[in-house]
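Here the structure is laid out as structure tokens; the discussion comes afterwards.
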Amino acid sequence: KVLYREGAKAQNMYILLEGRIAHTSLVSEVTEALRLQACTGTGSDGVHGLPVGQETLTNVSRMTTACAVTNCRLLQFSALDLGLSRDAVMREFVRGEIKAIPLFDGVDPDTFERLVPLMDCIEIDAVGTDIIIEGKVPVHLCILAHGAVDIVLKNGLRVAKLTAHAPEKHNSYPFFGEMGLLASKAAMANVRAASACKILTVSRANVCRI
């Protein structure tokens with residue numbers, strides 16, 4: 001039985017009490033630790049329960065497809081059960097993400113706290129959605145926090161694919177739209193969602209404040 005599918009909205013979180021859950025992904029590599037989650041249910045292995053589907057805590061779309069490969073017992077919690085508001089979750093998500101963004105390497109903790117309210121976050125679940133449109137002036141600086149995007153020319157030619165978490169740290173969290181935003185020039189290509197994405201955005205006014 002499929003517990004949830006990659007790219008879907010994360011409405012519930014689970015605690016695996018007994019059984020095995022396998023995780024797969026079509027767009028990214030699943031770490032060895034996450035590939036198979038197992039709990040005996042007796043605590044004899046030192047594990048009394050495993051969290052499954054923590055995307056609910058940060059309001060990101062599902063990063064994997066989770067499937068029960070044996071009979072399982074789970075506790076289920078919704079975002080409402082956990083007392084999470086979207087605004088509070090988004091603030092914590094932004095606070096956690098910006099510390100990993102190479103663009104902000106070397107920024108002191110006090111400055112990080114001042115950056116948090118200057119950023120917003122958008123979620124895109126539909127593959128093929130244009131985030132930046134060729135010929136239009138971007139209205140935000142965008143930083144890709146989760147997922148992947150294609151850079152596509154007007155003739156449909158894909159010239160690049162950017163992923164949020166690349167093997168090389170300096171290529172992770174790619175950003176786009178800053179040149180058109182600062183110079184008030186139309187974008188030269190489309191930036192199109194290649195998977196479900198989560199994008200940190202900064203408005204023109206806030207770019208100047210940053």
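The figures follow:
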{"item": "Residue in the range 51-58 that is modelled with pLDDT under 90, within 30 Å of T201 (Cα to Cα) and part of a strand (DSSP E or B) present", "result": "yes"}
{"item": "Count - residues of the range 137-161 that are without any contact (Cβ under 8 Å) to a residue 24 or more places away in the chain, open to solvent by 50 Å² or more (accessible area, probe 1.4 Å) and among the hydrophobic types (A, V, I, L, M, F, W, C)", "result": "1"}
{"item": "Verdict on V60 being among the aliphatic types (A, V, I, L, M) and under 18 Å from A148 (Cα atoms)", "result": "yes"}
{"item": "Identity of the residue in the range 74-125, charged (D, E, K, R) and surrounded by 14 or more Cβ atoms within 10 Å (Cβ to Cβ), that ends up modelled with the highest pLDDT", "result": "D120"}
{"item": "Per-region count, the range 6-29, residues open to solvent by 60 Å² or more (accessible area, probe 1.4 Å), modelled with pLDDT of 90 or more and within 28 Å of A193 (Cα to Cα)", "result": "1"}
{"item": "Answer residue from the range 198-210, given it is within 19 Å of A148 (Cβ to Cβ) and of a type in the set (A, V, I, L, M, F, W, C) and is farthest from the chain's Cα centre (by Cα) among those", "result": "L200"}
{"item": "Subset of the range 30-49 [at pLDDT 80 or above and either assigned to a loop (DSSP other than H, G, I, E, B) or surrounded by fewer than 15 Cβ atoms within 10 Å (Cβ to Cβ) (or both)]", "result": "V30, R35, L36, T40, G49"}
{"item": "Subset of the range 162-197 that is among the polar types (S, T, N, Q) and under 13 Å from the mean Cα position of the chain (by Cα) - its residue that is surrounded by the most Cβ atoms within 10 Å (Cβ to Cβ)", "result": "S195"}
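The values are calculated or read from the model by the stated rules, or taken from the named source; none is laboratory data. This one's a predicted model, so the numbers in the text were calculated from it and none came from an experiment. As a convention, Cβ positions derive from the backbone with ideal geometry for all residues, glycine included, and neighbour counts pool all protein chains shown. All accessible areas refer to the heavy atoms of the entire protein, side chains included, with ligands and DNA or RNA removed. Shrake-Rupley method; radii C 1.70, N 1.55, O 1.52, S 1.80 Å.
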